[in-house]
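The values are calculated or read from the model by the stated rules, or taken from the named source; none is laboratory data. Note that the structure is predicted; figures quoted are calculated from it, not measured. Reconstructed Cβ throughout: ideal geometry from the backbone, glycine too, with neighbour counts over all protein chains shown.
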Amino acid sequence: MAIDYQKLKNRVFPDVEQTYGWKDSALYALGIGFGHDPLDTRQLRFVYEENMLAVPTMPVVLATPGFWVKEPDSGVDWVKVLHGEQSLTVHKPLPVAGTVVGTLKVTGIVDKGRDKGAILVQERRLHDKASGDLLATLEGLTFCRGDGGFSEREGNGPRGGDPSPAAKPAVPEGPPDHVRDMPTMPQAALIYRLCADLNPLHADPAVATAAGFKAPILHGLASYGAAGHAVLAACCDYDPSRLKSFGLRFSSPVYPGETLRVEMWVRGQDVHFRVKAMPRDVVVLNNGLAKVI
């Protein structure tokens with residue numbers, strides 16, 4: 001089954017409602033590395049219920065639609081999809097506990113060509129159920145490696161599909177203004193998967209080996225959260241209300257237990273960043289851009 005442009009672009013997704021408590025907020029924080037130094041009182045506020053704060057990147061795991069592209073009527077070759085980019089805009093600080101409603105829509109389908117695949121762009125909005133306030137807007141880009149050429153079929157959307165999203169900016173030249181090393185625990189994926197993504201690729205060595213990895217890999221959004229932790233610490237003094245947006249491109253997998261070196265270049269309110277897995281010295285997250293106040 002191939003992508004049907006109009007059907008996929010106009011797909012209606014049911015709203016997803018989720019009630020979460022302070023333990024869920026603490027679990028997410030622990031999964032992305034908060035509390036590594038249990039005597040650091042700034043980190044403690046995100047994992048201890050007294051005067052607690054929610055990590056600003058936590059919307060990525062709340063009221064999610066699940067792996068919907070695996071549904072047969074999506075037309076997507078789900079075995080060949082990769083999470084390519086993730087962006088988050090924070091409209092209001094996330095409560096430590098509450099009920100949220102997630103609404104999803106497909107905003108773009110780009111045909112890169114028969115041999116290059118397609119890009120699926122999704123937008124998810126997260127609202128507080130009690131107040132109706134918009135808390136966060138998330139945009140995710142999925143590379144559908146097996147779905148290129150769909151627009152070559154007569155009547156299946158505009159030639160080439162939708163316009164490609166704007167490329168995320170490269171990091172500046174010169175030395176970074178901040179460098180932060182973020183250790184990850186060997187069991188990090190086993191903790192993080194309890195927040196949202198139960199894909200066995202992140203837990204079962206046999207599944208990871210069959211997929212071509214030497215061991216289970218860390219969730220991309222866990223690495224995303226670890227990078228957000230670094231920016232929150234270095235540029236926001238651990239004040240979540242100061243982080244207004246956070247986006248990046250996924251470049252390479254991370255193995256639990258690796259230390260992530262986050263390099264940051266500050267240009268006014270913009271913080272450009274990239275992340276390397278040490279000691280492999282491999283860039284795993286790139287083209288990062290955060291806005292802080």
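The strands (runs of 3 or more DSSP E) falling completely within the range 230-281 that include 1 or more residues that are surrounded by fewer than 19 Cβ atoms within 10 Å (Cβ to Cβ) and within 16 Å of the chain's Cα centre (by Cα) map to 243-250. Number of residues in the range 62-107 that are assigned to a strand (DSSP E or B) and either in contact (Cβ under 8 Å) with a residue 60 or more places away in the chain or out of contact with any strand residue (DSSP E or B) (no Cβ under 6 Å at 6 or more places or on another chain) (or both): the value is 19. Screening Val81 with (1) surrounded by fewer than 19 Cβ atoms within 10 Å (Cβ to Cβ); (2) farther than 19 Å from Tyr192 by Cβ; (3) at pLDDT below 95 gives one miss only, at (1). The residue list Gly132, Gly146, Gly160 contains one member that is touching an Asp or Glu at 6+ places or on another chain (Cβ under 8 Å), assigned by TED's automatic domain parsing to the domain that holds Leu104 and either within 20 Å of Pro14 (Cα to Cα) or not polar (S, T, N, Q) (or both), which is Gly146. Residues in the range 124-140 that are out of contact with any Leu (no Cβ under 7 Å at 6 or more places or on another chain) and within 16 Å of Thr89 (Cα to Cα): Asp133, Leu134, Thr137, Glu139, Gly140.
Residues checked against (1) of a type in the set (A, V, I, L, M, F, W, C); (2) farther than 25 Å from Tyr20 by Cα:
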site	(1), (2)
Arg153	no, yes
Pro158	no, yes
Lys168	no, yes
Pro175	no, yes
Gln187	no, no
Ala211	yes, yes
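Which condition number does Pro186 fail, the rest of (1) crowded, with 17+ Cβ neighbours inside 10 Å; (2) under 22 Å from Ala222 (Cα atoms); (3) in contact (Cβ under 8 Å) with a residue 40 or more places away in the chain being met? Tallying (1) crowded, with 17+ Cβ neighbours inside 10 Å; (2) under 22 Å from Ala222 (Cα atoms); (3) in contact (Cβ under 8 Å) with a residue 40 or more places away in the chain, Pro186 fails exactly one: (1). Among the conditions (1) under 19 Å from Ile32 (Cβ atoms); (2) assigned by TED's automatic domain parsing to the domain that holds Val55; (3) assigned to a loop (DSSP other than H, G, I, E, B), Pro186 misses just one, which is (2). Just one of the listed residues (Pro183, Pro200, Pro163) is over 15 Å from the mean Cα position of the chain (by Cα), closer than 27 Å to Trp265 by Cα and not hydroxyl-bearing (Ser, Thr, Tyr), and it is Pro183. What are the residues in the range 13-30 that are surrounded by fewer than 15 Cβ atoms within 10 Å (Cβ to Cβ) and assigned to a strand (DSSP E or B), if any? Across the range 13-30, the qualifying residues are Glu17, Thr19.
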